[in-house]
Each structure stands twice: as structure tokens, then as C-alpha cells.
Amino acid sequence: MTRLWNDPADFADEMIEGFVAANARSVRRVPGGVVRSTVVPDGQVAVIVGGGSGHYPAFGGLVGQGLAHGAAMGNLFASPSAQQVYSVAKAADRGAGVFFSYGNYAGDVLNFDAAQERLRSEGVPAQTVTVTDDIFSAAPAEKHKRRGIAGDLTVFSTAAAAAEAGYDLDSVSRVAARANDRTRSFGVAFTGCTLPGAPAPLFTVPAGRMAIGLGIHGEPGVDETAIPTADELAALLVEKLLAEVPDGIEVAGARIVPILNGLGSLKYEEMFVVYRRIAQLLTEAGLVIVDPHVGEYCTSFDMAGTSLTLFWLDDELERLWDTPVDAPAYRRGSVVAAAQAESAEVVASDVAITPGDAASQAVAQHVRDALEVIVRTVDDNVDELGRIDSIAGDGDHGIGMQRGSHAALAAGIAAVDAGAGAQTALSRAADAWADKAGGTSGALWGVILNAVASRLGDTGRPEAADLAAGVADAVRGVQTYGKAQVGDKTMVDALVPFTATLTASLEDHEPLLDAWTAAARAATDAARASADLLPRMGRARTHGEHAIGTPDPGAVSLGLITTALGELLAEKSN
């Protein structure tokens, strides 16, 4: 269990603050994460990594000379927001473009891609290679759908070494993609992990049993077995990885880097016992072991478990792998220390609010009321939303919704108090939700609220049709941004029937209250029906059968929120 925290909501920010204080020789803080505190030559490609916190040394611990130039650090097990990624990238850019790499998770893809597009729109070249090393998360024919676990280290190191060697952006991407293609990982766990303030682990493993194929965000394994001996575990790890050798490689004589990674609570001594047998088995298979690693490289908070990664080298990859590194949590070789960079504190800019007219300011008060209702609804259901999400996901949906909705309310109140009209108040709330919550749901709720806000305007009083049009815009935005369709077991399964019902009811000239109530009922029914669906998107996809019988948490939260907003509308109609 996790024992030390102040306010769980502040844990990630306080952790980053302490990390920077302890490692000022290597990193400095910027909005959204950290960048190197040492001088980086102009004209060097900036390698930006990142993801949710709770995986130290990934991701901030891998920022330093010879490794990453910056890390976008999201909240616990939640991807950083697009704004956070963009902020880190801008701080690290040295004029040669930005290279992004991160684990292949839906929220990370959404937010990093959005930041990449923003950079490109400003004329900054940017490219991405997502890490897809986990062999248990998708079949070989769908390798592009696999998630990234401890193989992050090989891809990040290769890209960063190439940047240090003067490779241009295209070449950095080329070698990083090859490193990813030649990296395979497989993990097991004996206990789940517990986030600060949580009453229970995100998942549990029965005593005396071992989960196979787990995810680093606490996603349950896809299989379970009795706990083996150390030698039996070594044999299982090696057998699974040697069953999927990258294309074009002959095992006999191949050179590999084995990485035995601890997930948080497994002792080094235990891992050494396991690695002893791993080394024997790899050698017996005719492989040449190069620079073996045993330690913690990508953890899952306090999870007891381990993963084995095999990095299949070629001449170029091996040369890059040998690059000296000096980062807070990873050092190898001899690095000539770079001078400390002189940098002013980076402060996020705050655009002044232009007041709306009297009619729109009155509507903005209703926006504030709606945000308060959303916060109460999420707070009342946070534990249940987390429970639903933990069955086949990572269990943080309720916490993420809570962070996002509270941030949205604070931003909305500040905007209303400054005289904002309805559009500005809701758009400020939308941006705060996306930025503070991070993850997939944070990004999508940002899209939803911004779409609705754009139809409200800062002058006059919008009609019911404007609200319906905003919701329809939200559906298109969510589906474009997140790529989900009805039937994929996501928020979209509730959002589409909500929008369709609201639009049809208003076109039939029903009062807004009746139309909204019917639409909320349709969303709630659809959310309930999502229990029968097999997930085809997001983290739950790899645990499809485990999700059957449980509704999608994003769909459920949408149903709860639209229902509560309908009740608010009824109160204001009386």
C-alpha cells in the first residue's frame, strides 16, 4: 500500500516539486513537467517523453544528458494534457524539431497528437514513435495496437542517443521506430497497486497466485496461475519472448540487451535470483547478452511484479545504446558535464477576459450552476466510477473526472466573476478540465464543453437549438479526436443517443426540459446496455472478456451528468 501523502489530489504536483528539488543539477520544472537544466546545443532535436506519474523512473527520471530533453508528466496514471505536452516541448525545442515518444495508450495518443499538431501549425517540425513492446496486449498481426511498458527505455534511449549524435528529425524517428520494432516485453504481478488515498488496490491477485500479462497502470492481467519458483518464472518469461522474435533475426548469435524490470515492490535480490536463470536460458538459446539491466525502469507505484524486455540489437542500435547517460534515475558510461543553463521561470500566460453583454453574463451564471452540479454528481459517484473502471481498466476514471470537474468549476467561477459571457466561461472551464484531468476522458470532456461553448456566444441569449447544435458538434469532435464509434464500448455509446434524442425532440418542438430529460434517459439506457459490449478501444480492449457484464465508465459518467443537469433544468423551469 501507499502510506505517505498530504492531500491525494496534490500528490503528483508535490512529487514533481520534490523530484526537481532533489535533482536540480539535471532538471528544471516547466508547466506540464520537466526539461533538462543543462545547456543543450542549438540545432539538436529535442526528445520529449512522458505519460502519467506513478511509474518512476519513467518519465522525469529519464531526463538528462544522453537521454530525454524533457518529460511531460501527467497526474497519477493519467496522460498529460495536450497543453502540458506542448509546454514541455516548447521549453525544450532548440530549432531542429521535436521528437515525441511514449507508451501507446489512448489518452497519451490523444494528447500528444494534439500537441504535435499545434507545434506543426506554428512551423515547428514534430514526429512521433509510440512504444508498443507488450506482447500480451495484442496479437502479432496487430502489433500497432500494443501498449508500451518497460520497453520505453530502449526506444527513448535510442532516440535520445541519435539526437545527441546530431541525427536530424527524420533520422531520429527512423532509428526509434527500428528500436521499437526490435523490442519485446512481457510481465507478471503478484499484487496490485494502491494510489494515494485509495481505500483498496486497483486490482487484487488471490494469495498464492500470479497475474500474467498485466499493464503498468494497474490493468489486470489476462491470465492467472500459481506462483512459480524463480527458475520457473524465468523460463516462462524467456519462453514467451523467444516465441516472438522480430522479423529477419536469427536467434543463434543474435545480440540482445535483457532488461528485468521491477514494478515497484519486488526486491532486487529476488530479481537477481530470477535473472540468474534468465541469463542461463538466453545463453543456452545461442544469444549473446549485451549490457544486461536488472532494476526498476518503469514501475507501477507499489505493484509487486516484474517484466522482462529483450532488445534485439543491430550495429547502429548497439552503437547508440552505448551512448553515455547522466539522468536522475539512469546513469551509464562517462558523461562530460554540461554547463547549467540560465533560464527564467516559465509562467503560463493568462489571456484577459473580455466581458460579455448583460444577457450572456446571465447565461454564464447558469453555466456556473451547471458546473457545480457536475462537481456534486462526480463527487457523489467517484468511488463507483473507479470501481467500474478497475474491472478492465486502471480504476482512475472517477479520480480523473473529479480532478477535471473541480478544475473546470474553479475556472468557470473565476471567469464569471470577471464578467465573462457564457462562451468564455464554459470554454475556460473546458480547457481547465482537459488540462487538470489529463487522460482520455479529460481530453474528451474538454472537446465536449468547448463545442457547446462555441454555440453559446458571449452576446445575447442562445436558443435551445444552439445548445443542441453544440452537443452535435461535440459528438463530431469526440469521434474525430478519439476515433471511437458506437459499439466500441466508450463514452460515444451514450453520447450519440443523447445527441440524437435531444435533436429529434427539439425538431418535434418539444420543450427543452422534456427534450433534455428524454435525451438523458437515452444516454443512461445506452450506458447500461454497454455492459454487454466487448471493448474495442482504450485500455479495456486488451481485457475484453473481463469487461463484459460491466458498463463503460465513461458512458456511465455521461449518463449521470446529463441526468443531473436535467434535474437542474427542471428546477430553473419552475
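The antiparallel fraction among DSSP beta bridges confined to the chain stands at about 60%. According to the Kirkwood relation over distinct C-alpha pairs, the hydrodynamic radius of the chain is 24.5 Å.
In percent, how large is the relative contact order of the range 87-198, given Cα pairs closer than 8 Å and 6 or more residues apart? Computed over the range 87-198, the figure is 26 percent. With one equal scatterer per alpha carbon and no solvent term, the Debye-computed log10 I(q)/I(0) for the range 315-452 at 0.10, 0.18 1/Å reads -0.54, -0.93. Ranked by the mean number of other Cβ atoms within 10 Å per residue, highest first, peptides 164-171, 255-262 order as 255-262, 164-171.
Sorting the segments 129-141, 330-342, 44-56 by their residues' average number of neighbouring beta-carbon atoms within 10 angstrom, most packed first, yields 44-56, 129-141, 330-342.
Pairs from the list K90/K145; K145/K240; K143/K240; K90/K483; K240/K489 with a Cα-Cα gap above 21 Å: K90/K145; K90/K483; K240/K489.
A compact globular protein would have a Cα radius of gyration near 2.2 N^0.38 Å; the ratio found for the range 257-296 is 1.17. In the range 8-332 the Cα-Cα distances spread across 10 Å bins starting at 0 as 6, 29, 36, 22, 6, 0 percent of all pairs.
Packing, as the average of other Cβ atoms within 10 Å across residues, places the peptides 26-39, 408-421 in the order 26-39, 408-421, highest first. Adding -39500 (n - 2.57) for every DSSP H run of four residues or longer, then dividing by how many residues the chain holds, sets the calculated 222 nm ellipticity at -15500 deg cm²/dmol.
Normalised by 2.2 N^0.38 Å, where N is the number of residues, the C-alpha radius of gyration of the range 358-573 stands at 0.96. Calculated over the range 82-181, the projected area of the Cα convex hull averaged across directions stands at 6.1 nm².
Each value in this text was obtained by applying a stated rule to the coordinates, not by laboratory testing. Being a predicted model, the structure only gives us computed values, none of them experimental. Positions of Cβ are generated from backbone atoms using ideal geometry, with glycine treated the same way; all protein chains shown enter the neighbour counts.
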